[in-house]
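These notes concern the structure reproduced below.
The values are calculated or read from the model by the stated rules, or taken from the named source; none is laboratory data. This one's a predicted model, so the numbers in the text were calculated from it and none came from an experiment. Here the Cβ positions follow ideal geometry from the backbone for every residue, glycine too, while neighbour counts run over all protein chains shown.
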Amino acid sequence: MGIKTVLRGKLRNAQRVAVLGIGSQLRADDAAGLMIAQELKAYIKQKKKRSLLKVFLGETAPENLTGQIKKFKPTHLIVIDAVDFHLETGALRVVDICTEAGVSFSTHRVPIGILRDYLYKSIQCETILIGMQPGTTEFCGSLSPGVQDSTRAACKEIREVLKSFI
């Protein structure tokens, strides 16, 4: 099942959606989540109307944006990040961060599960994680071809699902 189908199901009752892109542009494929969020942010900006969708660029310290996310009061938060599933480079998965074990979030100070728990206690938003398998996270490396392709495809699919919130 593709991420578009899964996202549509998870956003069925959504009223306000926040997207949080996480990653480091200095660590090759780790930048994928941030790049997708940047593209979504640019897409929303060109629409020039009040939106029920807001994009946040969390980079490597997404915990710094919890106040802004809480102020927006989303019913659903989509986190996009590079996640090591031990799959093929560029593979995409929608992850249940309540139950997923063995997922590595190596570039972040605060684990995504703790961030989710904090936001849920504050604003009761549902958190959805879209993870992309990195090929390399070497310092000053460039994006792998598989991650480049998946990033473009994910942008298109996520934008299509979220267009009703713009």
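Among the residues making up the range 142-166, a single one is in contact with a Leu (Cβ under 9 Å, 6 or more places away or on another chain) and assigned to a loop (DSSP other than H, G, I, E, B): ILE166. In the range 51-69, the residues that are modelled with pLDDT of 90 or more form Cβ pairs under 6 Å with partners that are among the charged types (D, E, K, R), at six or more places apart or across chains, as follows: LEU52/ARG16; VAL55/LYS41. On the given criteria, is LEU7 in contact (Cβ under 8 Å) with a residue 60 or more places away in the chain, of a type in the set (A, V, I, L, M, F, W, C), in a helix (DSSP H, G or I) and touching a Lys or Arg at 6+ places or on another chain (Cβ under 9 Å)? Here the answer is no, as LEU7 does not meet what is asked. Do we have any residue at all in the range 84-103 that's modelled with pLDDT of 90 or more, in a loop (DSSP other than H, G, I, E, B) and under 23 Å from VAL161 (Cα atoms)? Yes: one or more hits. Residues that are in contact with an Asp or Glu (Cβ under 8 Å, 6 or more places away or on another chain) and of a type in the set (A, V, I, L, M, F, W, C) within the range 137-166 comprise LEU143, VAL147, CYS155, listed in sequence order.
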